[in-house]
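Before any comments, here is the structure.
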Amino acid sequence: MNTTIRMPAAARCLVTGTPAVRRLATATGLAFVALLAPAARTAAAQGTATAPAPAPAVTATSAPLVAAATDWLATLTPEQVTLAKRPFDEAGRIDWHFIPKPARKGVQLRDMTASQQEAAHRLLRAALSEVGYDKSTLIMRLDEILRIIEGAKAKNIRDPLRYFFTVFGTPAPAGRWSLSVEGHHLSLNFTVRDGRIVDSTPQFMGANPAEVRTTFPGLPEKGRRVLAEEETLAFALVKSLDAGQKGKGVIAAEPPKEIRAAGEPQSPREPAVGIAFTELSAEQQATLRKLVGVYRAAMTEAVAAERLALIERAAGGWDAVRFAWQGSLEPGIGHGYRVEGPTFVIEFVNVQPDAEGNPANHIHCVWRDKTGDFDLPAE
């Protein structure tokens, strides 16, 4: 299981909601706390062009996350607490998915007051890095684009406020508890044991559209790619492979239909496939490290560092990591990839069209803990 822990995220102010999203809030009589439009950042956790020194052990506490969860729960009504705070051993704790489900566990942002929404966003910030928070809130805002494009077909499923927060157990310095933040194209799961975040997976993020093709006032602008580096770095790596390397690294001409084990409590158990880290050039190895770093960078500094330490201390270290590509080598045509080592697996798929019909413009990607998601023992 992943013994990851966090450091406090930088404090930032909420800003006013976009006109399109405010109209949704007004229609239901709810105040809305807007989702922050991010500035581009370079995360230190993403790695460098040269092999770094082994990552040190991380021994921070989960106190900021405990405090933020406690503060959010304190803002809720008794009826909301019944939904938001569930027993740790409840089966719903490991029930996760990213599809637009008609019902989910927890309390959604739409059913919160403005002050409750503010507290929920502080909790989300406490769980993630600034980069991760920005991506998460942009993913939420993409649902408003889908609502506009799909019109009557969208019903109530497409909604930037339809993201649910749930705490399992009691946030405290001792004992076990967990946090789930989930909605369409977002599933974030954290498990805390005796003051330490011991798991931070499944970590799922998706984007539809992967690249915004039409500008709507107040929403992510044309050309915005929420999960850009997750795709561009992988394309750079696969295109850099020579013919011999492609024979090992490209495992299928057809793309996968979906990430494996979607919604299941444990990651796929098949042996890792693809080209080995040792069979890459130094420059290609640096690109692969950077790609892994992009996924780690969604988490706080301490969580990202612990994930790196687990990779490096596993049997074989980076030499045991493999990269596998499936599908087209060109954007706009279905493609996907895996990056896998003894302690983790990353999967990325871009095969579906977006709501406007643009092909392969709909990303699903996930980081999973091969030693056991949700702090469960690996099967």
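Quick rundown of the values:
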item	result
Matching residues, the range 57-113, being within 21 Å of Met140 (Cα to Cα), of a type in the set (Phe, Trp, Tyr) and part of a loop (DSSP other than H, G, I, E, B)	Trp96, Phe98
Residue match in the range 163-185 (condition: of a type outside the set (Lys, Arg), within 23 Å of Gly334 (Cβ to Cβ) and touching a residue at least 12 places away in the same chain (Cβ under 8 Å))	yes
Unique residue being in a loop (DSSP other than H, G, I, E, B), free of Cβ contacts under 8 Å to residues at least 60 places away in the same chain and either crowded, with 24+ Cβ neighbours inside 10 Å or not β-branched (Val, Ile, Thr) (or both) when the list is Ala355, Ala315, Ala378	Ala315
Criterion (at pLDDT 95 or above and either acidic (Asp, Glu) or closer than 13 Å to Thr166 by Cα (or both)) met by exactly one of Ile99, Ile145, Ile139, Ile94	Ile94
Matching residues, the range 217-227, being on the phi < 0 side of the Ramachandran plot and surrounded by fewer than 17 Cβ atoms within 10 Å (Cβ to Cβ)	Pro217, Glu221, Lys222
The listed residue being buried (at least 20 other Cβ atoms within 10 Å of the Cβ) and either touching a helix residue (DSSP H, G or I) at 6+ places or on another chain (Cβ under 9 Å) or touching a residue at least 40 places away in the same chain (Cβ under 8 Å) (or both), out of Glu258, Glu231	Glu231
The one condition in (1) closer than 16 Å to Glu270 by Cα; (2) touching a strand residue (DSSP E or B) at 6+ places or on another chain (Cβ under 9 Å); (3) at pLDDT 95 or above that Val349 fails to fulfil	(1)
Residue check, Ser187 closer than 30 Å to Ala378 by Cα, outside any loop (DSSP other than H, G, I, E, B) and out of contact with any helix residue (DSSP H, G or I) (no Cβ under 9 Å at 6 or more places or on another chain)	yes
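The values are calculated or read from the model by the stated rules, or taken from the named source; none is laboratory data. Just so it is clear, the structure is predicted and the values come from calculations on it, not from any experiment. Virtual Cβ from ideal backbone geometry, glycine too; neighbours counted across all protein chains shown.
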